[in-house]
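As C-alpha cells, the structure follows; a few thoughts come after it.
Each value in this text was obtained by applying a stated rule to the coordinates, not by laboratory testing. Quick caveat: nothing in here was measured; it's all calculated off a predicted structure. We place every Cβ from the backbone using ideal geometry, glycine too, and count neighbours over all the protein chains shown.
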C-alpha cells in the first residue's frame, strides 16, 4: 500500500511538472515566482526547506534571505534531500521556513504532511502553502476534466476553509493569503499574451479568483504561563456547631 502511494506521488509530480511546461503552466509559474519574490524576503531564519518541485529549475526560494536552503524531492537527480513528505528526515523544532508547492494537492495524506511540518518547524516559524484554488478558472476547468487521471486535474483542490481549519487545528496562525493567475488555463500562447491584463485583477477586487492560492502561516508558541484568578474567600469546611482547633504556633508556608 505504501509503495503504491509513493508511486502515485511520483507520477503526479512528473505530470504536474509537464503541465507547468505548457503555455498556461509557464504563465502561472512566472506569476507565482513574482509573488514569492515579494513575500519571502520578509520571512527570516537560519534554515529553509522546500518540499517538491514545479519546473526544471526547482528553486522557489531564490529571493529568500535565509542562508541554508534545503530542497527535498522524490527524484534523486534533483534537490539535495530525497525523502517522502509523510516522514520528514529532520529533527523536531529545527526549520524556520517551509515552502510547499502543491505538496498537499498531490499527497495521499495531506493532514499527515502538515503534522510533520508542525513537528520539524521551530516555534514562530513560517509555512508558505501553495495550492490550486477551487474558486477560479482552474477550478472550473477541473470540473470539466473531472474524470481525468492526469495532473493538475487529478490533484486535490482544497477549499480555503478546509486548509484554514487544518492549520488552526495543528497550531498555526494564518498571517496572509495571496492569489495569482486569474487567466483561464487555455493552452494558446497568443491567448495567454492577450490575457496579461488580468494580472492586475487585484485592483478590481478579483484577486481571490486566481488559480493559485498562497497561505502564509506561523507556528504559534504555546506558553505555560498560568492565568491569574481573582481572589475569593475560602469556603468554611468545618460545621458551624463544632469548635475550631486553636492555631498552632508553627507556621507553614503555602506552596
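Arrange the following residues from fewest to most other Cβ atoms within 10 Å of their Cβ: 121, 72.
Details: 121 28, 72 23.
Listed from fewest to most nearby Cβ atoms, that is 72, 121.
Can you put 145, 90 in order, fewest other beta carbons within 10 Å first? Write down the numbers at each step before the final one.
On the way: 145 12, 90 18.
With the fewest neighbours first, 145, 90 line up as 145, 90.
How many nm is it between the label spots at residue 187 and residue 143, if each spot is 7 Å from the Cα in line with the beta carbon?
Here the modelled spin labels are 2.3 nm apart.
For residue 195 and residue 109 in one chain, what is 0.36 nm times their gap in residues minus the Cα-Cα distance, to one decimal in nm? Please report the intermediate quantities before stating the final value.
Details: separation 86, 0.36 × 86 = 30.96 nm, distance 3.57 nm.
The residue 195-residue 109 span can extend by a further 27.4 nm.
Label points 7 Å out from Cα along the Cβ direction at residue 206 and residue 46: separation in nm?
With each label placed 7 Å out from Cα toward Cβ, I get 4.7 nm.
Report, in whole Å, the centroid distance computed from the Cα atoms of the stretch 124-143 and the stretch 11-25.
Using only Cα atoms, the two centres lie 16 Å from each other.
What are the principal axis extents of the Cα atoms in the stretch 39-183, in Å, biggest first?
43, 35, 27
When 117, 186, 58 are ordered from fewest to most other Cβ atoms inside 10 Å of their Cβ, what list results?
On the way: 117 26, 186 14, 58 18.
The fewest-first ordering by Cβ neighbours comes to 186, 58, 117.
Between residue 30 and residue 75, with labels modelled 7 Å along Cα→Cβ, what's the label distance in nm to one decimal, could you check?
Each label point lies 7 Å from its Cα, and together they span 2.2 nm.
I'd like the FRET efficiency for residue 65 and residue 164, computed as 1/(1 + (r/R0)^6) with the beta carbon distance as r and R0 of 22 Å, rounded to 0.05.
Details: r = 27 Å, r/R0 = 1.25.
Calculated value: 0.20.
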